[in-house]
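Below: the structure, in structure tokens.
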Amino acid sequence: MTVTKVEVCLTHQTTTHDIEKERKFSKNAEPKSTDLSSQVASLARKLDQSQPVKNILSGLILLENLGIHFVLKAFFVDMAWTPKLGSTVTVSSLMRTFLLDKSHKALLHTLLIGVEEFGVLKFNNHSAETLSWTVTRLPPPSSNIQKTIKLIQTQLLAFPECSTEAEFLNYTGSNLYSVLRGEVSGLEILFPPESSPHYKFGANNLYTNSMLMEHSKTIYIIEGILQTLRAVDPSQEIVKILEIGAGTGGTTVPLLSAISADPALSSRFEIHYNFSDISNFFVTKAKARLETLFPKVHFQYSILDIEVPQPIVAGTGFDIIVAADVFHATQYMDDTLRHTRALVKPGGILILGEIFKSSLFLELSFGMTEGWWRYGDDFRQMDGPLLSEAGWDGVLRKFGFGHVFTVGHGNYGVVFAKGV
């Protein structure tokens, strides 16, 4: 379990009168970040000792090992690359030799780093204009790579908590070479149609059934929102929640189920829930089922791109904004956070389910899509779109949030921040 907390005071131009007019949180009942962080951290300590979390962390190690062997398979089995000791390798030379799709240049660079960490390559001068590696060890024989993949797949069976991730990686990793060649797109692999036999291995299944996501993100998102709702001033009649990038409802349904199951909350005030996504497809599907599942919740539905200003929604002043695995996928983090800050009322809570460090599990799935690499701000590095816990702390402070803390397991977790 990792908990990072930073208390922050930021200046802003909103007057005290404006704040009190906009919100109904009393000074005593306002959800203080220190209280919220201690409550969520207490839950994390309990989960740290649970067998499911221990098994998940062990399973993640195996998944990373499986990932590197799928990379080795793509290079040295499917691609039949036979590098010579002492030879120099660049991304461009591999693309030319093996006719790889130029759109995957960033992904290929990351995969070569994986081969470097395995010990086959050594990175050359970091200051060189063209990044290059030297072959320092011959790769394992093809038969050994295949046998190791099967061995790790068998070992993962001992960790059913990671079964969804294992099935997902087996499916995406097996298609890595086809994606690199441009024979199929990463999006086609991640999101096969429901009629496809591969649908059960795709991203929709991951979002719905992943115990990793549940134990490292969803549980903490729910706990944070429940604790925030319990601290709302008794005079407040309506609590407004906005979910950004709600997608398939993988966070929506368990969150609203938890709120509905707490009679002390469901009877105190009306919940106005704005289900938003950039895709009309997901919003339309949500309309068809959410109101049946949660008849007491007042729903709104928005086609929302958080990277552009939202003048219509901005005036509502949300008490809580939640987004799971969304913000790292935006192109410009400064625009994203600036627009988000305009949506949350002063004292409101922002809750982000995020990933703090990349892995081969991610690069062999979402990293196969062009969208993973489309970020263009200065807050992210060349190796991917993810921000560390310290990175989130810094960027949130810069754009009008304070009282930042994170909680989670491994490289996965939740960022909490308060609009100031």
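The values are calculated or read from the model by the stated rules, or taken from the named source; none is laboratory data. These numbers were taken from a predicted model, which means no experiment stands behind them. Neighbour counts run over all protein chains shown; Cβ positions are idealised from the backbone, glycine included.
Do we find that residue 322 is crowded, with 21+ Cβ neighbours inside 10 Å, closer than 21 Å to residue 372 by Cα and either more than 21 Å from the chain's Cα centre (by Cα) or not small (Gly, Ala, Ser) (or both) in this structure? Judged against the criteria, residue 322 is a match.
Could you grab me the full set of residues in region 280-298 that are among the small types (Gly, Ala, Ser) and under 15 Å from residue 243 (Cα atoms)?
Of all residues in region 280-298, those among the small types (Gly, Ala, Ser) come to 286, 288.
Once the filter is applied, which keeps residues that are among the small types (Gly, Ala, Ser) and under 15 Å from residue 243 (Cα atoms), region 280-298 yields only 286.
Pull up region 347-376, narrow it to residues that are within 13 Å of the chain's Cα centre (by Cα) and among the β-branched types (Val, Ile, Thr), then point me to the one that is surrounded by the fewest Cβ atoms within 10 Å (Cβ to Cβ). Show your work before the answer.
In the first step, residues of region 347-376 are kept if they are within 13 Å of the chain's Cα centre (by Cα); the result is 351-359, 361-363, 365-367, 372.
With the extra rule that they be among the β-branched types (Val, Ile, Thr), the set shrinks to 351, 355.
Details: 351: 27, 355: 22.
The extreme case among them is 355.
Mind checking whether some residue in region 130-146 is touching a Pro at 6+ places or on another chain (Cβ under 6 Å), in a loop (DSSP other than H, G, I, E, B) and at pLDDT 95 or above?
Initially, region 130-146 is screened for residues touching a Pro at 6+ places or on another chain (Cβ under 6 Å), giving 135.
With in a loop (DSSP other than H, G, I, E, B) added as a condition, the list becomes none.
For region 130-146, residues touching a Pro at 6+ places or on another chain (Cβ under 6 Å), in a loop (DSSP other than H, G, I, E, B) and at pLDDT 95 or above: absent.
Listed by first and then second residue, the pairs linking a residue in region 269-287 that is farther than 27 Å from residue 230 by Cα and without any contact (Cβ under 8 Å) to a residue 60 or more places away in the chain to a residue that is among the β-branched types (Val, Ile, Thr) and part of a loop (DSSP other than H, G, I, E, B), with Cβ atoms under 7 Å apart and 6 or more places separating them unless they lie on different chains, are 282/248. Looking across region 334-384, the residues that are among the charged types (D, E, K, R) and either in a helix (DSSP H, G or I) or in the same structural domain as residue 182 (by TED's automatic domain parsing) (or both) come down to 334, 335, 338, 341, 363, 370. Of all residues in region 189-201, exactly one satisfies the criterion of being closer than 17 Å to residue 371 by Cα and either surrounded by fewer than 18 Cβ atoms within 10 Å (Cβ to Cβ) or of a type in the set (Gly, Ala, Ser) (or both), namely 191.
Within region 229-247, work out how many residues are under 27 Å from residue 280 (Cβ atoms) and crowded, with 17+ Cβ neighbours inside 10 Å.
Start the filter on region 229-247 by keeping residues that are under 27 Å from residue 280 (Cβ atoms), which leaves 238-247.
If we keep only those that are crowded, with 17+ Cβ neighbours inside 10 Å as well, we get 239-247.
Residues meeting the conditions: 9.
Out of all the residues in region 278-285, is one or more surrounded by 14 or more Cβ atoms within 10 Å (Cβ to Cβ) and either touching a Pro at 6+ places or on another chain (Cβ under 7 Å) or closer than 20 Å to residue 351 by Cα (or both)? Within region 278-285 (the criterion being surrounded by 14 or more Cβ atoms within 10 Å (Cβ to Cβ) and either touching a Pro at 6+ places or on another chain (Cβ under 7 Å) or closer than 20 Å to residue 351 by Cα (or both)), the answer is yes, since at least one residue qualifies. Just one residue in the set 112, 100 is in a helix (DSSP H, G or I) and closer than 23 Å to residue 385 by Cα; that residue is 112. Among the residues of region 176-187 satisfying the criterion of being among the hydrophobic types (A, V, I, L, M, F, W, C) and part of a helix (DSSP H, G or I), which is surrounded by the most Cβ atoms within 10 Å (Cβ to Cβ)? Among them, the one singled out is 176.
Residues checked against (1) closer than 20 Å to residue 289 by Cβ; (2) touching an Asp or Glu at 6+ places or on another chain (Cβ under 9 Å):
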residue: 203; (1), (2): yes, no
residue: 211; (1), (2): no, yes
residue: 223; (1), (2): no, no
residue: 228; (1), (2): no, yes
residue: 233; (1), (2): no, yes
residue: 236; (1), (2): no, yes
residue: 245; (1), (2): yes, yes
residue: 259; (1), (2): yes, no
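Note on region 113-160: residues that are touching a residue at least 12 places away in the same chain (Cβ under 8 Å) and among the polar types (S, T, N, Q) total 10. The one condition from (1) under 29 Å from the mean Cα position of the chain (by Cα); (2) β-branched (Val, Ile, Thr); (3) surrounded by 15 or more Cβ atoms within 10 Å (Cβ to Cβ) that residue 89 does not meet is (1).
Would you call residue 302 part of a strand (DSSP E or B), of a type in the set (Gly, Ala, Ser) and surrounded by fewer than 19 Cβ atoms within 10 Å (Cβ to Cβ)?
Numbers: part of a strand (DSSP E or B): yes; of a type in the set (Gly, Ala, Ser): yes; surrounded by fewer than 19 Cβ atoms within 10 Å (Cβ to Cβ): yes.
Yes.
Scan region 93-104 residue by residue and report those that are closer than 12 Å to residue 133 by Cα and of a type outside the set (A, V, I, L, M). Reasoning before the result, please.
The first filter runs over region 93-104 and keeps only residues closer than 12 Å to residue 133 by Cα, leaving 93-94.
Across region 93-104, the qualifying residue is only 93.
Helices (runs of 4 or more DSSP H) fully within region 188-270 that include at least 1 residues being touching a Gly at 6+ places or on another chain (Cβ under 6 Å) and of a type outside the set (A, V, I, L, M, F, W, C): 203-209.
Just the residues that are part of a helix (DSSP H, G or I) and either closer than 26 Å to residue 208 by Cα or assigned by TED's automatic domain parsing to the domain that holds residue 70 (or both), please, taken from region 321-333. Steps first, please.
Taking region 321-333 and keeping what is part of a helix (DSSP H, G or I), we get 327-329, 333.
Across region 321-333, the qualifying residues are 327, 328, 329.
From the list 152, 68, exactly one residue is within 20 Å of residue 369 (Cα to Cα) and part of a helix (DSSP H, G or I). Which is it? Lay out the reasoning, then the answer.
Details: 152 fails: within 20 Å of residue 369 (Cα to Cα).
Selected residue: 68, the only one of 152, 68 that is within 20 Å of residue 369 (Cα to Cα) and part of a helix (DSSP H, G or I).
Among the residues of region 400-417, is any surrounded by fewer than 18 Cβ atoms within 10 Å (Cβ to Cβ) and closer than 29 Å to residue 107 by Cβ? There is no residue in region 400-417 that is surrounded by fewer than 18 Cβ atoms within 10 Å (Cβ to Cβ) and closer than 29 Å to residue 107 by Cβ.
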